[in-house]
Every structure is written in C-alpha cells, then in structure tokens.
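**Q** Quick one: the structure is below, and I'll ask about it shortly.
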Amino acid sequence: MSAREEILARIGKAVAGAADVEIPRHYRTDQQVEDPQVEDIVGLFAERVDDYRAIVHVLPAAEVPAKIDEAVAGRRMIVPDGFDREGGWADLDTADGVITSCAVAIAETGTIVLDHGPGQGTRAQTLVPDYHLCVVRADQIVAGVPEAIARLDPARPLTWISGPSATSDIELNRVEGVHGPRTLEVIIST
C-alpha cells in the first residue's frame, strides 16, 4: 500500500458513518473587472502589468514585428516551436532571453498564463533566461481569473506570470531574477 493509499484509507475510516453534508459552492464562473466603469480590458491589463514593473507596449498588430525586432536586437533569443518568427535561435545555456506568445492574459491581475503550447516554449525556456518578451493578442485578454480558467486545459502544465521574477528577504529587500526572468517585456497586439 502506498503512502497515499494509506492516508486515504485512514481518512475513510475516520469519516465512516458520518452524514453526507452538502457544501454550498458559489464559484464565480464569469467576472466583471473590479471597476464597472472600466470598459477597456486591454488598457487595464497594460496598467496592471506595468504596476508589476514590466515593460509594456500596446501596439497595432502591423507594428508588432518592428517592435519585436527592436526589443530583441543584439540578444541571443530562444524562439520556441510554433512562434511565428524566423531566426534568433539560441539554446538554453547561451540565451539572453526568450520570446513567447501566451495561452491567456488576465486584465484584473495583470497575469500572463502559459500552457506551453505552440509558441510558448517549455518551462525551462521561459524561466531560465534573464529576459522574457511575451506577445499577447488583445483577444487573449479576459477580465478575470474565472474566465481564464475556463479557457485553460487543466491537464496542461501552466505557468502563471505576474511581472518579472521577484522575491523579498526578511528585511523586505526586493531581489529580482531569482526564480525566473529579471526583465519581462510585454507587447500587446491590438
């Protein structure tokens, strides 16, 4: 018997004969942004990402390729399979950064979610380099977490990114780049 099976058997024995209790669950399955006056979820997402000290650009789709070229100039970039871009390949050991798309982005929290599908790279590719450039299409931005969850496949590996990697020590000194990229740059394609 595995440890898991043993624990579940003990729990089953402890609750044997107990009455079934209905537990009310009132989960929000859709969400409006906090402020009902905010109609521009792209603008809210950009504002929240900026609050996390990320670099943010909101551009028309036609201007995105030039901004990508400008952002990655002189950098050895990992370009994951499925990302619509030529050249700039680097391996994990020599890369200065990674460029990805995303699965979904959340306006209310300023969070980018990767499910590591086409164009999103592997976890190592997105967490090891010091620089991450993420291109987010406006149609990928949802108002809140419940809407994001509805778009995601729970069987896929999910990485939730809310700004550059940062942590604080006991004296509240902020240290960036310990658990992921020190610099996050986001291009929002409208």
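**Q** Determine, yes or no, whether residue 70 is over 22 Å from the mean Cα position of the chain (by Cα) and modelled with pLDDT of 95 or more. Walk me through it before giving the result.
**A** On the way: over 22 Å from the mean Cα position of the chain (by Cα): yes; modelled with pLDDT of 95 or more: yes.
The answer is yes for residue 70.
**Q** Let me ask you something else. Among the residues of the range 79-114 satisfying the criterion of being among the charged types (D, E, K, R) and touching a helix residue (DSSP H, G or I) at 6+ places or on another chain (Cβ under 9 Å), which is most open to solvent (accessible area, probe 1.4 Å)?
**A** If we filter the range 79-114 for residues that are among the charged types (D, E, K, R), which is where we start, we get 81, 84-86, 91, 93, 96, 108.
Retained after the next criterion (residues that are touching a helix residue (DSSP H, G or I) at 6+ places or on another chain (Cβ under 9 Å)): 85, 96, 108.
Numbers: 85: 63, 96: 47, 108: 34 Å².
Residue satisfying both the conditions and the ranking: 85.
**Q** Could you look through the range 138-190, keep only residues that are open to solvent by 70 Å² or more (accessible area, probe 1.4 Å) and of a type in the set (A, V, I, L, M), and pick out the one that is farthest from residue 106 (Cα to Cα)?
**A** Applying the filter and picking the extreme gives 170.
**Q** Go through (1) in contact with a Lys or Arg (Cβ under 8 Å, 6 or more places away or on another chain); (2) at pLDDT 95 or above; (3) not basic (Lys, Arg) one by one and return the number of the condition residue 105 breaks.
**A** Single failed check for residue 105: (1).
The values are calculated or read from the model by the stated rules, or taken from the named source; none is laboratory data. Quick caveat, the model's predicted, so the values are computed rather than measured. Glycine also receives a Cβ, built like all others from the backbone with ideal geometry; neighbour counts cover every protein chain displayed. To get the accessible areas, we keep the full protein, side chains included, count just its heavy atoms, and leave off ligands, DNA and RNA. Shrake-Rupley method; radii C 1.70, N 1.55, O 1.52, S 1.80 Å.
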